[in-house]
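Below is one structure, written out as structure tokens; comments come after it.
The values are calculated or read from the model by the stated rules, or taken from the named source; none is laboratory data. Predicted, not measured: the structure shown is a model, and the values here were computed from it. Note: ideal-geometry Cβ built from the backbone for every residue, glycine included; neighbour counts use all protein chains shown.
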Amino acid sequence: MKFKSLLAAVGFGAAALSAFAADITGAGATFPFPIYSKWAEAYKKETGVGLNYQSIGSSGGIRQIRAKTVTFGATDAPVSGADLDKDGMVQFPAIIGGTVPVINLDGFKPGELRITGPVLAEVFMGTITKWNDPKLASLNPGKSLPNENITVVHRADGSGTTFNFTDYLSVVSKEWADKVGKGAAVKWPAASSVGGKGNEGVAANVVRVKGSIGYVEYAYVKKNNMNFLQMQNADGKYVSPDDLTFAAAAAGADWFSVPGMGISMVNAKGATSWPISTASFILMYKEPSDKALSQAALKFFDWSFKNGKKMAAELDYVALPDGLTQQIRQRVWSQIKN
């Protein structure tokens, strides 16, 4: 009888622990959602510990962590060092990927058409309104571009993907920098434009609207079998998006040169660098209100850094190198009082 009671108690304790662990919550960027989901599934299988991540956009993630309704926030638009200090938070990168211009244009294979940063800015400005515009045609000699209107698809919510994309356009186009600028949300100038919520919403609208162009994280390109544009990088080379070109862009990153590690990787030098590469960041409190959940979240990211590289590569993200994750443990996580 005592043995049965002990088993029942152990069973109850395990169930309670599992239920408690499932309360680890995060919210924010849609950019890393596919890899966080994959990591979380594998982590739960191995440890029994669950993770509930809300893919609501970077601005939403920042709001949620500031409201203390989640254990961690996730953003692709890094928070400034001054704001981190004011909020009593730390920030660290968790994964690297790339933002990709995607199109819905019949008769062309993925990566068959090319574009430069300045011309991409003109398309999103609404200055270039037709697919057979001379500037697009000159970049794609021998291609029969249609006399078809261009519809711009952009994020309708506050988004780190938008921050990354507009950061890039601001670097390569003075007109964009002066008239629109960079941010998690901007006033889109193109007359013919459609908004979508999350990377999911933008991808769905591009798939739906003929003649459209949008921007999404590469995992969504793969998931939806989308057509993408090759891009000219800072070295003047045309490249396609994948884990190798994202890694090339990240190779020269000096992570601790900026408070909160919030560096920009757009238009990075290197013959094989993808020009709109970015990191996605995690926000956590130095003095968390729930220390057990905070510690559980760090254990999840620690496991993911050690065991999640192959999963990241399968989705064409770039895992952080071991040397960097060790620095994050020593220099960032050590500030969190669990």
Going through (1) at pLDDT below 95; (2) assigned to a loop (DSSP other than H, G, I, E, B); (3) surrounded by fewer than 18 Cβ atoms within 10 Å (Cβ to Cβ) one by one, ALA234 fails only at (1)
Any residue in region 56-68 that is among the small types (Gly, Ala, Ser) and either under 16 Å from LEU293 (Cα atoms) or surrounded by fewer than 19 Cβ atoms within 10 Å (Cβ to Cβ) (or both)?
-> yes
Residue count, region 237-254 (criterion: more than 17 Å from ASP167 (Cβ to Cβ) and assigned to a helix (DSSP H, G or I)) | 5
Name the pairs: first residue in region 23-50 and within 24 Å of TYR220 (Cβ to Cβ) and not assigned by TED's automatic domain parsing to the domain that holds GLY158, second residue of a type in the set (Phe, Trp, Tyr) and surrounded by fewer than 19 Cβ atoms within 10 Å (Cβ to Cβ), Cβ to Cβ under 6 Å, at least 6 apart or on different chains?
-> TYR43/TRP303
Could you look through region 170-214, keep only residues that are under 16 Å from PHE33 (Cβ atoms) and not small (Gly, Ala, Ser), and pick out the one that is surrounded by the most Cβ atoms within 10 Å (Cβ to Cβ)?
-> ASN199
For region 80-103, enumerate the residues that are outside any strand (DSSP E or B) and either buried (at least 24 other Cβ atoms within 10 Å of the Cβ) or touching an Asp or Glu at 6+ places or on another chain (Cβ under 8 Å) (or both).
-> GLY88
Does region 121-170 hold any residues that are aromatic (Phe, Trp, Tyr) and assigned to a loop (DSSP other than H, G, I, E, B), and which are they?
-> TRP131
Could you check how many residues of region 274-313 are of a type outside the set (Asp, Glu), outside any strand (DSSP E or B) and more than 17 Å from the chain's Cα centre (by Cα)?
-> 17
If you check every pair at least six apart or on different chains, which have Cβ atoms under 8 Å apart with a residue in region 314-338 that is under 26 Å from ASP243 (Cα atoms) first and a residue that is outside any loop (DSSP other than H, G, I, E, B) and of a type in the set (Asp, Glu) second?
-> ASP316/ASP243; TYR317/ASP243; VAL318/ASP243; ARG329/ASP302
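Just to be sure, is VAL186 at pLDDT 95 or above, under 18 Å from the mean Cα position of the chain (by Cα) and part of a helix (DSSP H, G or I)?
Values: at pLDDT 95 or above: yes; under 18 Å from the mean Cα position of the chain (by Cα): yes; part of a helix (DSSP H, G or I): no.
No: the conditions fail for VAL186.
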